[in-house]
1. Mind checking which residues of segment 78-127 are out of contact with any His (no Cβ under 9 Å at 6 or more places or on another chain) and either assigned by TED's automatic domain parsing to the domain that holds S170 or among the β-branched types (V, I, T) (or both)?
2. Is at least one residue of segment 41-51 in a helix (DSSP H, G or I) and not hydroxyl-bearing (S, T, Y)?
3. Look through segment 44-88, keep the residues that are basic (K, R) and farther than 22 Å from S3 by Cβ, and return whichever of them is surrounded by the fewest Cβ atoms within 10 Å (Cβ to Cβ).
4. Could you please find all residues in segment 150-164 being out of contact with any strand residue (DSSP E or B) (no Cβ under 6 Å at 6 or more places or on another chain), buried (at least 18 other Cβ atoms within 10 Å of the Cβ) and hydrophobic (A, V, I, L, M, F, W, C)?
5. Among the helices (runs of 4 or more DSSP H) confined wholly to segment 190-303, which include 1 or more residues that are polar (S, T, N, Q)?
6. Considering only segment 12-46, state which residues are under 18 Å from P113 (Cα atoms) and touching a Lys or Arg at 6+ places or on another chain (Cβ under 7 Å).
7. Could you tell me which residue of segment 22-38 is surrounded by the most Cβ atoms within 10 Å (Cβ to Cβ), considering only residues that are in a helix (DSSP H, G or I) and not aliphatic (A, V, I, L, M)?
8. Among the residues of segment 1-12, is there at least one that is under 26 Å from L168 (Cα atoms), in a strand (DSSP E or B) and in contact with a Leu (Cβ under 6 Å, 6 or more places away or on another chain)?
Amino acid sequence: MFSTNSLAPDQRFDHWREERAKLVFGATLELPRERRRSFNGSYSASAIGDAIASELQASAYVVRRTESDIARVAGDSLVVFHQIRGPGLLNASGDHVGRVLNGDLAVAHSDLPYSAVPETENDCHCRMLTIPLSEELALGQHTHDLFAAKLMDGSRFMRPLRALFNALTSGEGRLADPARDVTHIARLALAARGRLAPGMPEVRAALRSALLQAALQIMEREKNQPNLSPAMVAAALGVSRRQLYVLFEASELSFARALASFRIEEARRLLLAHPDWSVTQTAFACGFDSLATFYRIFGSTYGMAPTELRLLEQGRHAPASTHSAMA
């Protein structure tokens, strides 16, 4: 994790431009001199198999990847890019300028020139997944002419690709095999850009893995609904209930166990966040409709009753003076 906050204001942009952009990102930055003293930026990166997941938040600036930048920092990688905040104009092919809006996903080969110009002076926030390319990964397809282009919302690959991207870059560690899912997201991205046929076995496998993540994200978001059912999740996902069960057949958890896991994690959080709540209030607030089921799952998960866990955690976080008085 790097942040310019540790630098003097008059050094921040120059350091970001020379040490981060040129040497790490392989890009050329432009920012009017009068705005440089107010510049701030932070950057973090982590490895997922052979890929790198990175996150950047910074004041708005113009960024270009020129031929000389590419020669200095080449990557031969596929980049999946999520513009969380900070709309702008993207010129990637030399003859077309398109808008990138908040929430857009884009896919590109790393070693092609582009320029991006922000539409406002507000800060930008983005996440990237950079995946080294190989003939095996791309299933023999040519990728070196994939200029940066955003994916259209109507694409059949958009929702599953977005779900898998979020799972890989969120840092929550819910994926059973992150390295495998890096391969899956690369092939989904190539299919979304028309380089791989949707009917290829490898693309179908990638789609199943991504749809499972989409289902899990729906379940986590709606876990507090006591009537949440496979039929409801399948409808939200746009698949049949049978197709939903097929997705879970390849995972370690069934639909019911996955949902119980989300709810019991939420129950633990609520027990500690709301010490004045009763166990019954907590159980019903996180979607359980049976106290017996709640106690059974809680005990098998944490090895103790809810009240015992609450007392244990309160004791761990009590001030030192309280421990002394109790002794």
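The values are calculated or read from the model by the stated rules, or taken from the named source; none is laboratory data. Computed from a predicted model, the values in this text were never measured in an experiment. Every residue, glycine as well, gets a Cβ built from its backbone with ideal geometry; the counts of neighbours run over all protein chains shown.
1. Within segment 78-127, V80, V97, V100, V107, V117, T120 meet the criteria.
2. No; the residues of segment 41-51 include none that is in a helix (DSSP H, G or I) and not hydroxyl-bearing (S, T, Y).
3. Per the criteria, the residue is R72.
4. Residues satisfying the conditions are F157, L161, A163, L164.
5. Filter on segment 190-303 gives 201-221, 241-249, 255-273, 279-285, 291-302.
6. Matches in segment 12-46: G26, A27, T28, L29.
7. Result: F25.
8. no
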